[in-house]
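Peer 1: Below is one structure. I have some questions about it.
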Amino acid sequence: FISSSVAVDWTAAQIQFHISREDSWFKSLFVRKVDPRKDAHSNLLTKNEENNLYKIQFHNVKPECLDAYNKLCEDVLPSIHADKYYPCELVGTWNTWYGEQDQAVHLWRYRGGYPALTEVMNKLRQNKEFTAYRKERGKMLLSRRNQLLLEFSFWNEPVPREGPNIYELRSYQLRPGTMIEWGNYWARAIGYRQHNREAVGGFFSQIGNLYMVHHLWAYKDLQSRENTRNAIWQQEGWHEVVYYTVPLIQYMDSRIMIPTKASPLQ
């Protein structure tokens, strides 16, 4: 014999149990299970054996100062590039032609990663010529920003080129958490973009704007760029890459750039 009060308590407990189970099941539909990883995304995507670190600089120059700014950079930057005392290389330096106007873009490579970057920065602080360069450069700038980058393992490493060429820097802000997916598609896609030697380098950010990807391309001129890009759509598989990578992008930007006299990429 079960008293009415006990029966009520038992029934209520059963109802609560079923509600808890249903609530737990319902929540499980929206909880994303995360597989444990044993390595950072950057280690899965980059060329670990080479340990290269890149720095990209964007300098917005006062319009009336652009020629003087370029001359100042031509006088100082190549000497740092050529001096073995500094474990860094000037990969390329450009002025933006289409995109943000009166802008200079510099790309540096540090062989040896973060220790090489730190070594260069410490040594440059003791370089009186570079200190004077920075002081004079500051008078010419409206703003500046930079990012530290790693290179994708499946992309070409940027090497000096003879010109004349124009360069396109295509920058993609990805949705957080999609870098591995992006890399998986582009590891295959880069094979479609080698026929005219247009692929120069591919990078992703480590410090600065995160989940940012930069692809650097070279073309003889704007018409060559259009012809090359149109021809890709005739290759089987390219449309699939575009279809699956576009949803990963929050926004994108394109700059057409002209190399300066000091640039190893001409």
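Peer 1: Could you say whether any residue in region 176-188 is touching a Gly at 6+ places or on another chain (Cβ under 9 Å) and closer than 18 Å to residue 52 by Cα?
Peer 2: Scanning region 176-188 turns up no residue that is touching a Gly at 6+ places or on another chain (Cβ under 9 Å) and closer than 18 Å to residue 52 by Cα.
Peer 1: Quick one: in region 67-82, of everything that is hydrophobic (A, V, I, L, M, F, W, C) and over 11 Å from residue 104 (Cβ atoms), which residue is farthest from the chain's Cα centre (by Cα)?
Peer 2: 68
Peer 1: How about region 90-107: which of its residues are of a type outside the set (Val, Ile, Thr) and either open to solvent by less than 50 Å² (accessible area, probe 1.4 Å) or assigned to a loop (DSSP other than H, G, I, E, B) (or both)?
Peer 2: Matches in region 90-107: 90, 92, 94, 95, 99, 100, 101, 102, 103, 104, 106, 107.
Peer 1: Could you tell me whether region 114-131 includes any residue that is small (Gly, Ala, Ser), modelled with pLDDT of 95 or more and surrounded by fewer than 16 Cβ atoms within 10 Å (Cβ to Cβ)?
Peer 2: no
Peer 1: For region 210-266, enumerate the residues that are small (Gly, Ala, Ser), within 30 Å of residue 80 (Cα to Cα) and outside any loop (DSSP other than H, G, I, E, B).
Peer 2: Those that are small (Gly, Ala, Ser), within 30 Å of residue 80 (Cα to Cα) and outside any loop (DSSP other than H, G, I, E, B): 218, 254.
Peer 1: Given the conditions (1) open to solvent by less than 40 Å² (accessible area, probe 1.4 Å); (2) at pLDDT 95 or above; (3) outside any loop (DSSP other than H, G, I, E, B), and given that residue 86 satisfies all but one, which numbered condition is not satisfied?
Peer 2: (3)
Peer 1: Taking the conditions exactly as written (buried (at least 17 other Cβ atoms within 10 Å of the Cβ) and out of contact with any Asp or Glu (no Cβ under 9 Å at 6 or more places or on another chain)), does residue 190 satisfy them or not?
Peer 2: In short, yes.
Peer 1: For region 172-182, give me the residue count where each residue is surrounded by 20 or more Cβ atoms within 10 Å (Cβ to Cβ) and either of a type outside the set (Phe, Trp, Tyr) or in a loop (DSSP other than H, G, I, E, B) (or both).
Peer 2: The number of residues fulfilling the criteria is 2.
Peer 1: Here is a follow-up. Pull up region 197-218, narrow it to residues that are of a type outside the set (A, V, I, L, M) and surrounded by fewer than 16 Cβ atoms within 10 Å (Cβ to Cβ), then point me to the one that is nearest to residue 265 (Cα to Cα).
Peer 2: 197
The values are calculated or read from the model by the stated rules, or taken from the named source; none is laboratory data. Because the structure is predicted, anything quoted here is derived from the model rather than measured. Don't worry about glycine lacking a Cβ; one is built from the backbone with ideal geometry, like all the others, and counts go over all protein chains shown. Please note that ligands, DNA and RNA were not included when accessible areas were found on the heavy atoms of the full protein model with its side chains. Shrake-Rupley method; radii C 1.70, N 1.55, O 1.52, S 1.80 Å.
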